[in-house]
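Structure record follows, encoded as C-alpha cells.
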Amino acid sequence: MNETAGLWALFTSSFLAATLLPGGSEAVLFGVLRFHPEQFWPALAVATLGNTLGGMSSYLIGRIIPQTKPLRGLDAVRKYGSPTLLLAWVPIIGDPLCVAAGWLRLNPWLAALFIAIGKFARYWVIAAATTP
C-alpha cells in the first residue's frame with residue numbers, strides 16, 4: 001500500500017468510525033504506521049481530522065432532529081457543555097454525546113474543538129504504542 005492510499009483509507013475509516021456506522025479506524029492507523037512509520041504525524045492528523053468530521057456529522061444530525069423528546073446523553077451534555085465532547089471517542093457513548101450536543105445547539109466551533117482534542121489524544125496513544 002502506498003503512503004497516499006494508506007492515508008486516504010485512514011481518513012475514510014476514521015470518518016466512518018465516528019458516525020453511527022461501526023468501524024475500526026484504530027486497526028487502519030496501526031497498519032499505516034506499521035508500513036510507513038515515517039508517516040506518524042500525517043497519519044495522526046488525518047485520523048484526527050476524519051474522526052472529528054465524523055463526530056461533527058453526528059452533531060449535525062442532532063441539529064436536525066426535532067426537539068420533541070429528550071435524547072440519550074442529554075443530561076451530561078446539558079450539565080457540562082462542550083467539554084463533555086472530550087469523550088466523543090468513547091465507544092457506545094461518543095455518538096449520542098455528539099448528537100445531544102447538536103440537539104442542544106451547543107457552539108459548533110467549541111464542539112469541534114473538544115471533539116478534536118479527545119480524538120487526537122486517543123489516536124496519539126494508539127500511534128505512540130504502535131511505533132518504535
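Specify the angular offset, from 0 to 90 degrees and rounded to the nearest 10, of the alpha carbon long axis of helix 3-17 from the longest principal axis of the alpha carbons in the chain. The answer is roughly 20 degrees. Pick the calculated mean projected area of the Cα convex hull in nm² for this structure from (1) 7.5; (2) 9.2; (3) 8.1? Among (1) 7.5; (2) 9.2; (3) 8.1, the one calculated here is (1). With a cut-off of 12 Å between beta carbons, the residues surrounding residue 125 carry a summed charge of +1, where Lys and Arg count +1 and Asp and Glu -1. Rounded to the nearest 500, the helix-only mean residue ellipticity at 222 nm of the chain stands at -22500 deg cm²/dmol, with each DSSP H run of n ≥ 4 adding -39,500 (n - 2.57). By the count of other C-beta atoms within 10 Å, a proxy for reagent exposure, 52, 19 are ordered fewest to most as 19, 52. Relative to the current alpha-carbon distance between residue 107 and residue 68, full extension at 0.36 nm per residue lengthens the span by 12.0 nm.
Comparing mean-square fluctuations of 53, 16, 113 from a GNM of the chain with C-alpha springs under 10 Å, the top value falls on 113. Scoring 42-50, 94-102 by mean Cβ neighbours within 10 Å over their residues and listing the highest first yields 94-102, 42-50.
Here, each number is a calculation from the coordinates, and none is a lab measurement. No experiment lies behind these values; they were computed from the predicted model shown. Cβ coordinates were reconstructed from backbone atoms using ideal geometry, including for glycine residues, and neighbour counts include every protein chain displayed.
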